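The values are calculated or read from the model by the stated rules, or taken from the named source; none is laboratory data. Quick caveat, the model's predicted, so the values are computed rather than measured. Note that each Cβ is placed from the backbone with ideal geometry, even for glycine, and that neighbours are counted across all protein chains shown.
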Amino acid sequence: MMEKVARYEAHRLGLLRYYTGKPCIRGHICERITSTYACLKCHKIWQRRRRVIEGSSVRKYYRTYYAKNAPAKRTYHREWNRKNPHVSRARNRRLYLKNKKAKS
(Lines give C-alpha, C1' and ligand atoms only; values in the text may rest on other atoms or scores of the structure.)
Protein backbone atom coordinates (compact mmCIF):
# COMPACT_ATOMS: atom_id res chain seq x y z
CA MET A 1 0.00 0.00 0.00
CA MET A 2 1.18 3.51 -0.71
CA GLU A 3 2.00 5.98 2.00
CA LYS A 4 -0.66 8.61 2.58
CA VAL A 5 0.51 12.14 1.83
CA ALA A 6 -1.51 15.34 1.80
CA ARG A 7 -1.41 17.39 -1.39
CA TYR A 8 0.22 20.41 0.23
CA GLU A 9 2.93 18.15 1.64
CA ALA A 10 3.51 16.52 -1.75
CA HIS A 11 3.67 19.96 -3.36
CA ARG A 12 6.17 21.14 -0.73
CA LEU A 13 8.34 18.06 -1.35
CA GLY A 14 8.19 18.56 -5.12
CA LEU A 15 6.33 15.31 -5.77
CA LEU A 16 4.28 14.94 -8.95
CA ARG A 17 1.77 12.59 -7.32
CA TYR A 18 0.27 12.00 -3.91
CA TYR A 19 -2.04 9.48 -2.27
CA THR A 20 -4.82 10.25 0.21
CA GLY A 21 -6.52 6.86 0.50
CA LYS A 22 -9.87 8.55 -0.14
CA PRO A 23 -11.97 7.94 -3.26
CA CYS A 24 -12.29 10.62 -5.91
CA ILE A 25 -15.68 11.89 -7.11
CA ARG A 26 -16.02 8.83 -9.38
CA GLY A 27 -15.01 6.39 -6.66
CA HIS A 28 -11.43 5.60 -7.70
CA ILE A 29 -8.97 5.03 -4.89
CA CYS A 30 -5.57 5.70 -6.43
CA GLU A 31 -2.80 8.26 -6.67
CA ARG A 32 -3.65 11.83 -7.61
CA ILE A 33 -1.77 14.39 -9.66
CA THR A 34 -0.39 17.17 -7.47
CA SER A 35 -0.87 19.98 -9.97
CA THR A 36 -4.48 19.20 -10.95
CA TYR A 37 -5.89 17.17 -8.00
CA ALA A 38 -7.12 14.59 -10.57
CA CYS A 39 -6.88 10.90 -9.80
CA LEU A 40 -4.81 8.90 -12.29
CA LYS A 41 -7.72 6.72 -13.46
CA CYS A 42 -9.94 9.73 -14.18
CA HIS A 43 -7.04 11.40 -15.96
CA LYS A 44 -6.52 8.36 -18.21
CA ILE A 45 -10.23 8.28 -19.05
CA TRP A 46 -10.12 11.99 -19.90
CA GLN A 47 -7.05 11.50 -22.09
CA ARG A 48 -8.71 8.67 -24.05
CA ARG A 49 -11.85 10.73 -24.67
CA ARG A 50 -9.79 13.72 -25.72
CA ARG A 51 -7.75 11.58 -28.11
CA VAL A 52 -10.92 10.28 -29.76
CA ILE A 53 -12.59 13.69 -30.00
CA GLU A 54 -9.57 15.77 -30.93
CA GLY A 55 -7.43 13.07 -32.51
CA SER A 56 -7.26 14.40 -36.05
CA SER A 57 -6.56 18.00 -35.02
CA VAL A 58 -3.86 16.92 -32.57
CA ARG A 59 -2.19 14.74 -35.22
CA LYS A 60 -2.35 17.63 -37.68
CA TYR A 61 -0.74 19.96 -35.14
CA TYR A 62 2.12 17.54 -34.44
CA ARG A 63 2.72 16.91 -38.14
CA THR A 64 3.09 20.63 -38.84
CA TYR A 65 5.21 21.12 -35.69
CA TYR A 66 7.54 18.30 -36.68
CA ALA A 67 7.79 19.52 -40.28
CA LYS A 68 8.74 22.97 -39.05
CA ASN A 69 11.21 21.79 -36.37
CA ALA A 70 12.65 18.57 -37.83
CA PRO A 71 16.15 19.90 -38.62
CA ALA A 72 16.56 21.44 -35.15
CA LYS A 73 15.30 18.27 -33.45
CA ARG A 74 17.65 16.07 -35.48
CA THR A 75 20.58 18.32 -34.55
CA TYR A 76 19.60 18.27 -30.88
CA HIS A 77 19.29 14.44 -30.81
CA ARG A 78 22.57 13.91 -32.65
CA GLU A 79 24.34 16.17 -30.17
CA TRP A 80 22.70 14.45 -27.19
CA ASN A 81 23.66 11.00 -28.50
CA ARG A 82 27.23 12.21 -29.06
CA LYS A 83 27.46 13.46 -25.46
CA ASN A 84 25.75 10.37 -23.95
CA PRO A 85 26.98 7.38 -25.97
CA HIS A 86 26.58 4.90 -23.10
CA VAL A 87 22.90 5.77 -22.68
CA SER A 88 22.04 5.80 -26.37
CA ARG A 89 23.85 2.49 -27.01
CA ALA A 90 22.08 0.79 -24.12
CA ARG A 91 18.71 2.16 -25.24
CA ASN A 92 19.29 1.09 -28.83
CA ARG A 93 20.30 -2.39 -27.70
CA ARG A 94 17.18 -2.71 -25.51
CA LEU A 95 14.91 -1.59 -28.35
CA TYR A 96 16.63 -3.95 -30.79
CA LEU A 97 16.12 -6.94 -28.51
CA LYS A 98 12.53 -5.97 -27.72
CA ASN A 99 11.65 -5.63 -31.41
CA LYS A 100 13.50 -8.84 -32.27
CA LYS A 101 11.33 -10.71 -29.73
CA ALA A 102 8.14 -9.10 -31.02
CA LYS A 103 8.89 -10.13 -34.62
CA SER A 104 9.53 -13.78 -33.76
Please determine whether any residue of region 38-61 is in contact with a Leu (Cβ under 9 Å, 6 or more places away or on another chain), surrounded by 12 or more Cβ atoms within 10 Å (Cβ to Cβ) and modelled with pLDDT of 90 or more.
no
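Collect the residues in region 22-36 that are in a loop (DSSP other than H, G, I, E, B) and either on the phi < 0 side of the Ramachandran plot or surrounded by 11 or more Cβ atoms within 10 Å (Cβ to Cβ) (or both), keeping them in residue-number order. Give the steps one after another, and end with the answer.
Kept after step one, since they are in a loop (DSSP other than H, G, I, E, B), are these residues of region 22-36: 22-31, 34-36.
Of everything in region 22-36, those that are in a loop (DSSP other than H, G, I, E, B) and either on the phi < 0 side of the Ramachandran plot or surrounded by 11 or more Cβ atoms within 10 Å (Cβ to Cβ) (or both) turn out to be Lys22, Pro23, Cys24, Ile25, Arg26, His28, Ile29, Cys30, Glu31, Thr34, Ser35, Thr36.
Each row is one residue, and each column tells you yes or no for (1) surrounded by fewer than 11 Cβ atoms within 10 Å (Cβ to Cβ); (2) closer than 26 Å to Arg48 by Cα; (3) in contact with an Asp or Glu (Cβ under 7 Å, 6 or more places away or on another chain); (4) in contact (Cβ under 8 Å) with a residue 40 or more places away in the chain.
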{"residue": "Tyr65", "(1), (2), (3), (4)": "no, yes, no, no"}
{"residue": "Pro71", "(1), (2), (3), (4)": "yes, no, no, no"}
{"residue": "Asn81", "(1), (2), (3), (4)": "no, no, no, no"}
{"residue": "Arg89", "(1), (2), (3), (4)": "no, no, no, no"}
Using beta carbons and a limit of 6 Å, which pairs, at least six apart or on different chains, have the first residue in region 21-50 and without any contact (Cβ under 8 Å) to a residue 40 or more places away in the chain and closer than 17 Å to His11 by Cβ and the second one of a type outside the set (Phe, Trp, Tyr) and part of a helix (DSSP H, G or I)?
Glu31/Leu40; Thr34/Ala10; Thr34/His11
In region 37-61, what residues are among the small types (Gly, Ala, Ser) and either in a helix (DSSP H, G or I) or more than 22 Å from Val5 (Cα to Cα) (or both)?
Gly55, Ser56, Ser57
